[in-house]
Amino acid sequence: MGKIRGFIEYDRLKEPVVDPKKRINNYKEFTIEVNEKKLQDQGARCMDCGVPFCHSGCPLGNMIPDFNDAVYENDWRRALRILHSTNNFPEFTGRLCPAPCEEACVLGIVDPPVSIELIEKYIVERGFLEKWIKPMVPENRTKKKIAIIGSGPAGLSAAQQLNRAGHFVTVYERDNKIGGLLRYGIPDFKMEKNIIDRRLKVLIEEGIKFKCNIEVGKTITVNELEDEFDSIVIAVGASIKRSLPIPGSELNGVVQAMDFLPHNNKAVDKQHLREERFNAKNKNVIVIGGGDTGSDCIGTSNRHGAKSVTNFEIMPKPSKLRTDQNPWPYWPFKLKTSSSHEEGSHREWSILTKEFIGDKKGNLIGLKTVEVKWEKDENNKAKLIENKNSFKEWPCDLALLALGFTGPEKSLPEKFGLEIDQKGNIKSMNKYQTNKSNIFVAGDCRRGQSLIVWAISEGREVAHQVDEYLMGISNLPKKNHSGDL
């Protein structure tokens, strides 16, 4: 596997990028193409490690050593075949995944891990360039019809898998274009939308039908859907945004991140002009929330021409290295500096927003914070302690709330008569099935807010279960998840 001493001879390869001062002038992806020989050398770093823990780290179970070896051997077509056997959309994960596989890489115990995500991206890009990626139209069709509600990564992967099984698949999307979070939640500088359209063209040619601007329960009734289709897959994501119920939250200038980002994506797509309330130009912007969505708000605000960008995180500043609480090969909660942070932002840790301050016209002009620390209570649970002597006021014209999601909207499952679990997600009784045997659920609306790679995995898994439900047996691949590494 790979080159015997490759991990000794070659260093980890980092994808070069455009200088931050230049790239914030547009919304284009800013990575610079890597030399093919360097990618082969990186594939050579993959060790014959006996137990490839990268498999466990990947929710899709990608056969990483195998495609790394194929790249090292300069057999890119074989690498693509291996990659596509477990991952429907490596062009998405190769750009957007936080790469838990790399954190589980055996080489990573003593040296920087193999650049797995980078290799994955270039395998699929080579596939599109060489026109190796072609529609896979099923030779035979069953007479079964399946409706998929939601066109995010879970819905799309379920659709492709079920279509390959020979079923007739129709995907319903309430927005005006296909892609869900991929299209309207992810900024173009992380993934340009022609990447979605390129794959969508393949899916359509494979025979999948897509219907936009249709909201199930409103545009079409749930009864109509149940009458027409043999089975239904709900993959609507988790879209209830977590609020910040403090004084002043109603002021003009307090905006949810997932209103800000989709609006900007549609502006970049020239679907509309950017509204002033979503414009960060010449404003003091404070992004509340230190996750990936917060990072996307920072990058977008810098491209608007914000006067200043500050990022608040309620948790303490993480360690730069893996700690004893996060042993290998588990995911380490360590300091992450994203490309957006590098473009310009000030970060504050262990800080809690207490109040938004407005002027007489109801416009946001500032906010108040307090420093906090976390202590364990008598039950060993983390408890938030405020430092009463640390109150501070910050100038702020635009506050972006990137606080995550609490679950899927409840109107759709209620209309279908589906049960909700204790976490607010649509309850899956067994094998992704809901309490109505012909209706299945997958993705964030089933497991809660999660990663794109998990959504694709859920889509593939639910497809196997639906196929088995309809036909009694399924030849679609199935992965038995033993846990989240």
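What follows is calculated from the coordinates using simple rules that are stated; it is not laboratory data. Computed from a predicted structure; not experimentally measured. With ideal geometry, Cβ positions are generated from the backbone for all residues, glycine too; neighbour counts draw on all protein chains shown.
The stretch between ASP377 and GLN271, if pulled fully straight at 0.36 nm per residue, gains 33.0 nm over its current Cα-Cα span.
Per-peptide packing, taken as the mean over residues of other Cβ atoms within 10 Å, places 120-128, 202-210 in the sequence 120-128, 202-210 from highest down. Only the Cβ atoms of Lys and Arg (+1) and of Asp and Glu (-1) were treated as charged; on that basis the dipole of the chain about its Cα centre amounts to roughly 640 debye.
Each of THR219, GLY424, ALA455 was placed along the dipole of the chain (beta-carbon charges, centred on the mean Cα), and the one lying farthest toward the positive end is THR219. Counting only Cα atoms, I'd like the Rg/Rh figure for the stretch 81-122, Kirkwood definition for Rh. Result for the stretch 81-122 is an Rg/Rh of 1.00.
Relative to the Cα centre, the charge distribution of the stretch 198-315, modelled as +1 at Lys and Arg Cβ and -1 at Asp and Glu Cβ, gives a dipole magnitude of about 820 debye.
With a cut-off of at most 10 other beta carbons within 10 Å, and DSSP calling the residue loop, which trypsin sites (Lys or Arg not before Pro) in the stretch 55-85 qualify? Please list them. The partial results should precede the final answer.
Numbers: sites: ARG77, ARG78, ARG81; in loops: none.
Hits after loop and neighbour filter: nothing returned.
Of all DSSP bridge pairs formed entirely within the chain, close to 40 percent run antiparallel.
Using a simple charge model, +1 on the beta-carbon of Lys and Arg, -1 on the beta-carbon of Asp and Glu, nothing else, what dipole does the stretch 1-160 show about its Cα centre, in debye to the nearest 20? Mind showing how you got there, number by number?
Working: 23 positive and 22 negative charges, 166 e Å.
So the magnitude is around 800 debye.
In the stretch 21-76, taking the dipole from charged Cβ atoms about the Cα centre, the farthest positive-side position among ALA70, ALA44, TYR27 is held by TYR27.
Report, as a whole number in µm² per second, the diffusion coefficient that Stokes-Einstein gives for the stretch 29-81 at 20 °C and 1.002 mPa s using the Kirkwood radius over alpha carbon pairs.
Working: Rh = 12.0 Å.
Taking Rh from Cα pairs, D becomes 178 µm²/s.
For the stretch 364-419, the Cα gyration tensor yields ellipsoid semi-axes of 34, 24, 6 Å (square root of five times each eigenvalue, largest first, whole Å).
What percentage of all Cα-Cα pairs in the stretch 346-485 are separated by more than 25 Å? In whole percent, the long-distance tail amounts to 54.
Here the gap between HIS346 and ASP75, fully extended at 0.36 nm per residue and compared with their Cα-Cα distance, gives a gain of 93.1 nm. For the chain, CYS46, CYS49, CYS97, CYS105, CYS212, CYS297, CYS396, CYS445 have no disulfide-compatible partner, since no other Cys C-beta lies under 4.7 Å from theirs. Positive end of the dipole of the chain (Cβ unit charges, origin at the Cα centre): among VAL287, GLY150, LEU107, the Cα lying farthest that way belongs to VAL287.
If you model the stretch 6-129 as an ellipsoid using its alpha carbon gyration tensor, with each semi-axis the square root of five times an eigenvalue, the axes come out at 23, 17, 15 Å, biggest first. Each helix, a run of at least 4 DSSP H residues, gives -39500 (n - 2.57); summed and divided by the residues of the chain, these come to -9000 deg cm²/dmol at 222 nm. Once the chain from GLU226 to LEU476 is taken as fully extended at 0.36 nm per residue, the excess over their C-alpha distance is 87.6 nm. Once you divide the Cα radius of gyration of the stretch 73-200 by 2.2 N^0.38 Å, the number left is 1.18. Considering the chain, its Cα convex hull presents a mean projected area of 24.7 nm². Across the chain, Cα pairs under 8 Å and at least six residues apart give a relative contact order of 17 percent.
Sorted into 10 angstrom bins from 0, the C-alpha pair distances of the stretch 243-403 split as 10, 36, 33, 16, 5, 0 percent. Counting every other Cβ atom within 10 Å of each residue's Cβ, ARG174, ARG303, ARG460 order from fewest to most as ARG174, ARG303, ARG460.
A Cα-only calculation for the stretch 187-243 places Rg and Dmax at 15.3, 42 Å.
Structure shown: which of LYS131/LYS266; LYS145/LYS209; LYS21/LYS392; LYS177/LYS270; LYS190/LYS270; LYS218/LYS415 lie over 20 Å apart, alpha-carbon to alpha-carbon?
Beyond 20 Å between Cα atoms: LYS131/LYS266; LYS21/LYS392.
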